[in-house]
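Novice: There's a structure below that I have some questions on.
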Amino acid sequence: MCMKNIYLESHIHKIISTDLQNNMLNHSYMLISNDKLLINEYARLVACEILCKDNCGTCPTCIKVLNHNHSDVVEYPQNDKGILSADADKIIDDSFVLPMEADKKIYILHNFDESNVVVQNKLLKTIEEPSKSVVFLITCSNESLVLPTIRSRCKKVVEPVLDKTQVSDYLKRFYKTDDATASKIAEISDGNLTLAVDYVGDNKMLAMRELAIEILSKMTSSSEVLKYSVEIQKYKANLEVFFNVMLDVLDLSMRSRVLGKNTTLYNEKATLGASKIIGQAIRKIKSNCNTNSIVEGVLLGILEERYKCQK
């Protein structure tokens, strides 16, 4: 399944297509998803839909947008440092220039929640009252990190993660992943395409995540601590990475059934408690403390939090 087909099934597409049909296109949209890769790709497809009324994906306009060379579709950040203050100044000045090829000029501001307050404040007035020919497409994972004044000026669209079958099909088509591996990655990434792509070709990360899920869902007594401690120590050189993977699994457990039927072992209090224990362990690793005691402490601490949860 190609990204265009996935997009056509999305909540965002339904909103944008309805707004276009009713001639009610907003001046700014905030596209929200925990899946950065997905939401950033969707933003470009939204731009295609706005500029190409047929939303074909194959005409010169769409091809230019998707290849990042349409003069009226400008994407930020343009480097790995995020949206800079100088970028904000350029956006403000450029927004008054009329479109060159189309009837709209579109600014795609990727991962806007990672922009600092100075940048967001600079862009506030322009996002609030842009020129009639300008549309802002703002993507973010955590809308609470975007200034409330900007959030209130945007039409917000929250996009859920993909169906696991969609992720599996995407991996098979674009990464030539075999059926079994694609299904496994789709399952443990819980429909998050960004995570899934990270796991493709990285067997160590995949194994870490599988172990983290097993520990969190199947470890039931202190007698199993030694067994799992030995398993974790296989990643001694990457222990901080392993614990971050475990934090990610815990975070997903609050929104999905990534831990299977044992998701109920972790209510909000237990999840926060276990996350705090793992976070403390990461700080100890940075301080070069004994890894054996750190690992055992984490496993026993998780069991204790689960016990409290079941009381």
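Novice: Ile127: closer than 26 Å to Met30 by Cα, in contact (Cβ under 8 Å) with a residue 40 or more places away in the chain, assigned to a helix (DSSP H, G or I) and in contact with a Cys (Cβ under 8 Å, 6 or more places away or on another chain), yes or no? Working first, answer last.
Specialist: Numbers: closer than 26 Å to Met30 by Cα: yes; in contact (Cβ under 8 Å) with a residue 40 or more places away in the chain: yes; assigned to a helix (DSSP H, G or I): yes; in contact with a Cys (Cβ under 8 Å, 6 or more places away or on another chain): yes.
Judged against the criteria, Ile127 is a match.
Novice: In this structure, does Val197 turn out to be out of contact with any strand residue (DSSP E or B) (no Cβ under 7 Å at 6 or more places or on another chain), touching a residue at least 60 places away in the same chain (Cβ under 8 Å) and under 18 Å from His11 (Cα atoms)? Working first, answer last.
Specialist: Details: out of contact with any strand residue (DSSP E or B) (no Cβ under 7 Å at 6 or more places or on another chain): yes; touching a residue at least 60 places away in the same chain (Cβ under 8 Å): yes; under 18 Å from His11 (Cα atoms): no.
Here the answer is no, as Val197 does not meet what is asked.
Novice: Go through Lys53, Lys64 for me and flag whichever is loosely packed, with under 15 Cβ neighbours inside 10 Å and basic (Lys, Arg).
Specialist: Just one listed residue meets the conditions, Lys53.
Novice: Suppose we filter region 285-300 for residues that are open to solvent by less than 70 Å² (accessible area, probe 1.4 Å) and in contact (Cβ under 8 Å) with a residue 24 or more places away in the chain; how many remain?
Specialist: Going through region 285-300 one residue at a time, the tally reaches 6.
Novice: Scan region 29-44 for residues that are in a helix (DSSP H, G or I), open to solvent by 10 Å² or more (accessible area, probe 1.4 Å) and in contact (Cβ under 8 Å) with a residue 40 or more places away in the chain and report the count. Break it down into steps so the answer makes sense when it comes.
Specialist: Taking region 29-44 and keeping what is in a helix (DSSP H, G or I), we get 36-44.
So of that shortlist, the ones also open to solvent by 10 Å² or more (accessible area, probe 1.4 Å) come out as 36-37, 40-41, 44.
Filter once more, keeping what is in contact (Cβ under 8 Å) with a residue 40 or more places away in the chain: 36-37, 40, 44.
Adding up the residues that qualify gives 4.
Novice: Same structure, new question: How do the pairs read when you match residues in region 148-169 that are free of Cβ contacts under 8 Å to residues at least 24 places away in the same chain with residues anywhere that are in a loop (DSSP other than H, G, I, E, B), using Cβ under 9 Å and keeping only pairs 6 or more apart or on different chains?
Specialist: Pairs that qualify, where the first residue is free of Cβ contacts under 8 Å to residues at least 24 places away in the same chain and the partner is in a loop (DSSP other than H, G, I, E, B), are Thr165/Met1; Ser168/Thr177.
Novice: Just name the residue that is nearest to Thr291 (Cα to Cα) out of those in region 200-231 that are modelled with pLDDT of 90 or more and hydroxyl-bearing (Ser, Thr, Tyr).
Specialist: Ser229
Novice: Then there is this: Scan region 108-135 for residues that are β-branched (Val, Ile, Thr) and open to solvent by less than 10 Å² (accessible area, probe 1.4 Å) and jot them down.
Specialist: Filtering region 108-135 for residues β-branched (Val, Ile, Thr) gives 108, 117-119, 126-127, 134-135.
Result: Ile108, Val119, Ile127, Val134, Val135.
The values are calculated or read from the model by the stated rules, or taken from the named source; none is laboratory data. Source: prediction; values computed, not measured. Using ideal geometry, Cβ is built from the backbone for each residue, glycine included, and neighbour counts are taken over all protein chains shown. The area values use the complete protein model at the heavy-atom level, side chains included, leaving out ligands, DNA and RNA. Shrake-Rupley method; radii C 1.70, N 1.55, O 1.52, S 1.80 Å.
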